[in-house]
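First up is the structure itself, then whatever we jot down about it.
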Amino acid sequence: MKKLLLISPLTSRSLLGADFYFRMPTLGLLKVAAATPEVWSVRIVEHQVEPLDLDQPVDLVGITAMTPAADRAYEIADAFRARGVKVVMGGIHASMLPEEALAHCDAVVVGEAESQWHGLLSDFLQGRMKAIYRQGMFPGLAGMRDADWSLYDGKGYLPMHCVETSRGCPHGCDFCSVTNYFGGRYRTRPVEDVEREVRSLRPFEGRFILKNVVFFVDDNIAGNRTHARELLTRMIPYRLKWLGQASTTIAGDDELLDLCRRSGCMGLLIGFETLSRENLANVRKGFNRPENYIDVIRKIHDHGLGVSGAFVFGLDGDDAGVFDRTYDFVQKAKLESPYFSILTPYPGTRMFTRLQGEGRIIDRDWSKYNTNYVVYRPVGMTPDELFDGYYRLQNAVYSFPAIARRLLGSTSKMNFWLPMNYGFRRSIKRLTERAMAERDGAAGSQLQSTGG
């Protein structure tokens, strides 16, 4: 039996939350493992929660990486290839920059791997593996094999199952790569298939405040309203506790919000992005209406659901006052869990193409492309003002008094949101210390090199 090793590398710089106990399992490698013929023995190594043995006997290595882990992925690939082991790379970064990835591996899977995986493995066994396997059309999701969660047993993750019910997004926001990678329409998975997978999920062992939570990983679980209604109606008997992502437009659908509550939804991640209509228009997310944000949040709260609001800083219409304005808003809106990011121009996005064309990208160190560093030159403030304002806001919003004011009187599940806030607080403090020390160290080195 041939041995296949699938690897998700550890980034050299922590993502927010990645180094505290809310460690999320990744679904992509489980999908690849599920698509692998049974003549293969499959092992998954998630490097953020377990060590990686570069000397283990293996016939083929598959590596997936998002942009901030790309350089580490290349190091791992180089190490296995030095032993004569063939390496395949995939995932969003390799898909957007396949020629870069090919300098470190034998084959690149561009796009979704499942539809191309059987052919690649067959070619490997016959000694004729191609350099690039490129997805043609975006396939339907019917018949997708369920993830085998036993491959993650004992790996120290948050006890949360990730379930996929759709792929794709028609909006194509400038800073987002989802449309480019998954396509510009919602492809829905048959509700019967999702129900079968949910029914098969095994309880996690161990003692947890909340366990056996399901995270629906779709970029917008309500993108296709008809599908969402049928899906959530089917979920009601299973008494789930679940989280998902949606757009602000869900607030206009009381029936769907009621189905969210009845099916066990604890909260939704909503991409508000910015309080500026000008910014939203400039990044092609004009369907968001900042003047309605408070009403959107109140409507979701009225159905007993929490709101995790995502905001991005450094858009061309932002100035240094954006951080204070955002602090006031999230406290007034009583968001259960605000999530902040520095604008990051990921390869394959319109934002990357535009900023590169304008000569504004100032750092190509992929490990900094994790939304916690400034890798481009903003318009309305200096890079240092963006960096400092971002970390100042993070620490202010996740101070103990600010957490208490936001969560006081909340009707959502406090046994989930309160530990999440404390976990983010702890992670933010460590992340801030590391980021500031790194920046100060770099500035000191620059002074020494110039004789300052």
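Between I63, I76, the distinction of being in contact with a Cys (Cβ under 9 Å, 6 or more places away or on another chain), under 28 Å from A435 (Cα atoms) and at pLDDT 95 or above belongs to I63 only. Residues of the stretch 47-100 that are free of Cβ contacts under 8 Å to residues at least 40 places away in the same chain, under 16 Å from Q116 (Cβ atoms) and among the hydroxyl-bearing types (S, T, Y): none at all. Of the residues G286, G264, which single one is surrounded by 16 or more Cβ atoms within 10 Å (Cβ to Cβ) and over 20 Å from T382 (Cα atoms)? So the residue among G286, G264 that is surrounded by 16 or more Cβ atoms within 10 Å (Cβ to Cβ) and over 20 Å from T382 (Cα atoms) is G264. Criterion first (of a type outside the set (S, T, N, Q), crowded, with 21+ Cβ neighbours inside 10 Å and touching a helix residue (DSSP H, G or I) at 6+ places or on another chain (Cβ under 6 Å)) does G348 satisfy it? No; evaluated as a whole, the condition is false for this residue. Note on the stretch 51-89: residues that are assigned to a strand (DSSP E or B) and within 14 Å of G348 (Cα to Cα) total 0. Scanning the stretch 42-58 for residues that are among the β-branched types (V, I, T) and over 15 Å from V87 (Cβ atoms) returns V42, I44, V49.
Results for (1) part of a strand (DSSP E or B); (2) surrounded by 20 or more Cβ atoms within 10 Å (Cβ to Cβ), shown as yes or no for each residue.
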| site | (1), (2) |
| --- | --- |
| D324 | no, no |
| D328 | no, no |
| L335 | no, yes |
| S341 | yes, no |
| T344 | no, yes |
| T353 | no, no |
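Which of the residues that make up the stretch 131-177 are modelled with pLDDT under 90, touching a strand residue (DSSP E or B) at 6+ places or on another chain (Cβ under 6 Å) and either of a type in the set (S, T, Y) or buried (at least 20 other Cβ atoms within 10 Å of the Cβ) (or both)? Those that are modelled with pLDDT under 90, touching a strand residue (DSSP E or B) at 6+ places or on another chain (Cβ under 6 Å) and either of a type in the set (S, T, Y) or buried (at least 20 other Cβ atoms within 10 Å of the Cβ) (or both): M160, H161. Here Y369, Y391 are screened, and the one residue that is aromatic (F, W, Y), in contact (Cβ under 8 Å) with a residue 60 or more places away in the chain, buried (at least 18 other Cβ atoms within 10 Å of the Cβ) and in contact with a helix residue (DSSP H, G or I) (Cβ under 6 Å, 6 or more places away or on another chain) is Y369.
Inside the stretch 99-172, counting only strands (runs of 3 or more DSSP E) that do not spill past its ends, which hold 1 or more residues that are touching a Gly at 6+ places or on another chain (Cβ under 7 Å) and under 20 Å from V42 (Cα atoms)? Output list reads 107-110. A residue that is among the small types (G, A, S), at pLDDT 95 or above, in the same structural domain as L54 (by TED's automatic domain parsing) and in contact with a Leu (Cβ under 7 Å, 6 or more places away or on another chain) occurs nowhere in the stretch 88-103. The number of residues in the stretch 400-417 being buried (at least 17 other Cβ atoms within 10 Å of the Cβ) and of a type in the set (A, V, I, L, M, F, W, C) comes to 5. Among residues that are under 21 Å from H93 (Cα atoms) and either more than 17 Å from the chain's Cα centre (by Cα) or surrounded by 14 or more Cβ atoms within 10 Å (Cβ to Cβ) (or both), R128 is not included.
The values are calculated or read from the model by the stated rules, or taken from the named source; none is laboratory data. Remember, it's a predicted structure, so these values are computed and weren't measured experimentally. Every residue, glycine among them, receives a Cβ derived from its backbone with ideal geometry; neighbour counts consider all protein chains shown.
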